[in-house]
Amino acid sequence: MALKNKILHLSCRSVLGEVLNKRFASNSRALLKSATSESLRICATGQETFPGDLIPPGARAEVVAKETRIKSLKEMPGPSAVSNLIEFFYRDGFSRIHEIQMEHSQKYGKIFKSRFGPQLVVSIAGRDLVAEVLRTEGVAPQRGNMESWKEYRDLRGRSTGLISAEGEDWLKMRSILRQLIMRPKDVAQFSDDVNAVVEDLVKRVDTLRSQQSDGLTVLNINDLFFKYAMEGMAAILYEDRLGCLENEIPQKSQDYIAALHLMFSSFKMTMYAGAIPKWLRTVIPRPWEEFCSSWDGLFSFSQIHVDKRLGEIQDLVSRGETVKGGLLTHMLVTREMNLEEIYANMTEMLLAGVDTTSFTLSWACYLLARHPEVQQEIYEEVTRTLGHGTIPTADDVPRLPLIRGLVKETLRMFPVLPGNGRVTQDDLVVGGYFIPKGTQLALCHYSTSMDEENFPGADDFRPDRWIRKDATDRVDNFGSIPFGYGIRSCIGRRIAELEMHLALTQLIQRFQIGLCPITEEIKAKTHGLLCPAAPINLQFADRQP
Ligand code: HEM
């Protein structure tokens, strides 16, 4: 792949945003200690706003204390420890986490507690309560217990990356990366690289369907999108290609795919590995061993690619030539992170970026195939805007609101992370309950995005519900925040969106996507991520220009 002349710029605006965010968070945390959540939501004007400057916090707290009693965690409803144990371990609840969210929120309300052994988890299943929690976050929110990830890194002398780091380490890495890839215009420069991968994706569709008797069917579409996402991520992160969309996949890439599959196939076990006390690992060693060996594979793959690029840069420098390149080049040249931190971040970003993007693409194509009339509408928008043969770039995406709506609606119906976590860093009052510092919260994204109150006709696939009616109309909705919200939200959001927008636009331009006769209704299952419970087989018929 030819190296490109790219400049990755820093932004004072985003730094300012972070400072403002910090101020707001510390203000609101102070207030939360003295007031209930109700007092935060409803101010004197009756609007949803921050009431600090309208009524002195102390006075407000007094009024509220008379009106509303803050309840304790003991009073919070929720399933009993025994029924939870049966649900998860006997009835395999881990693969139905999304359904359990719905059932429990209907039964216990928008906030409820569950116990997993010694661990108490408070689930937040209401849109406004989720907003309340995320809007009051501090400067370095914590997602959950990352002990097993950290332990592996300590064992091997590795650094943490953005997903596993906490506190100061996380802040430092986040502030570097957020200036490089957080805004659409930062990632627009990767358009050509992504399009080169999309071209290979389209060729691969041709090859795969020609191997079937009907000349149309691509079996297990997620396998194809997995390879597309891996190839796209490598093009952006490593400035290199892996050959995943070739007929013969190079051995090193195959080894990586195996390590990635091991990581996900042993997901449940590795979850326990984090929880199993160390002494118990001598009795049941397998989960921990598999966990370490899959990380070994993931780290070594990233290291090979980072070292390769480093060698190329050193050669250029020794020949006195100018160094040009993308994200990795920038990181290697500026050394704002040390080499171990670069390995760790490349490893964690690749891990975070492949399945998430590929499952979303699989669901999007499945939904298009099930709803030909919606597909036709989107096809008409694409051809009206771009014509039949024009290859879309990042600059075209704002002119394709239905393509963006398609991705948003897919992620609403199948949020690839059906839930997210936070460990509270201060005492909080949420939904009228006192939640002490250090409590594990589960934000129930699946149930909020399927809630009729937040999305009328929630079972209907309607990409157009995301289209703004005019410049002032905002359709943002805390009911569906598939990339999270705020300072610890997904750092790869813009990269993922670029990969999905460009791939879907070209697929819709080229093919009419249909259900294959052998494909029945595909249900979702939770396997860490929300994924199809059965292979999705689809037909790709050529569009007639
Ligand atoms: C459809 C695609 C994707 C979805 C739905 C998604 C969703 C998420 C969510 C929900 C989080 C947690 C946010 C929070 O805790 O508030 C997250 C974190 C993260 N994601 Fe993504 N993601 C996607 C693609 C990607 C890609 C392509 C990358 C890499 C370039 C990536 C890298 C990360 C990283 C590094 C974090 C941790 C951020 C931090 O802790 O500071 N994700 N993602």
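A short reminder: the numbers here are calculations on the coordinates, not readings from a lab. From a predicted model like this one, the values you see are computed outputs, not experimental measurements. Cβ sites come from the backbone with ideal geometry, for glycine too, and all protein chains shown count toward neighbours.
Look at the alpha carbon pairs under 8 Å that are at least 6 residues apart: their mean separation over the length of segment 382-478 gives a relative contact order of 28 percent.
When only alpha carbons are used to place a centre, segment 334-382 and segment 127-194 end up 17 Å from one another. Both the radius of gyration and Dmax for segment 230-377 are 19.2, 59 Å, in that order, over alpha-carbon atoms. How would segment 339-406 be classified by its alpha-carbon gyration tensor: rounded, prolate or oblate, with rounded meaning a/c under 1.5 and the a/b versus b/c comparison settling the rest? It is oblate, given that a/c is not under 1.5 and a/b is not larger than b/c. Other residues lying with their Cβ under 12 Å from the Cβ of L498 contribute a combined charge of -2, Lys and Arg counting +1, Asp and Glu -1. Summing Lys and Arg as +1 and Asp and Glu as -1 over all other residues whose Cβ lies under 13 Å from the Cβ of R384 gives a net charge of -3. Applying 1/(1 + (r/R0)^6) with R0 = 25 Å to the Cβ-Cβ distance of E321 and D192 gives a FRET efficiency near 0.70.
Listed highest first by mean packing, meaning other Cβ atoms within 10 Å per residue, what order do 443-451, 528-536 come in?
Going by the mean number of other Cβ atoms within 10 Å, highest first, we get 443-451, 528-536.
Reducing segment 464-539 and segment 79-105 to their Cα centroids gives an inter-centroid distance of 26 Å. For L73, the shell of other residues with beta-carbons less than 12 Å away shows a net charge of +2, using +1 for Lys and Arg and -1 for Asp and Glu.
Here each label is just a point 7 Å from Cα along the line to Cβ, and for Q119 and E199 those points are 4.6 nm apart.
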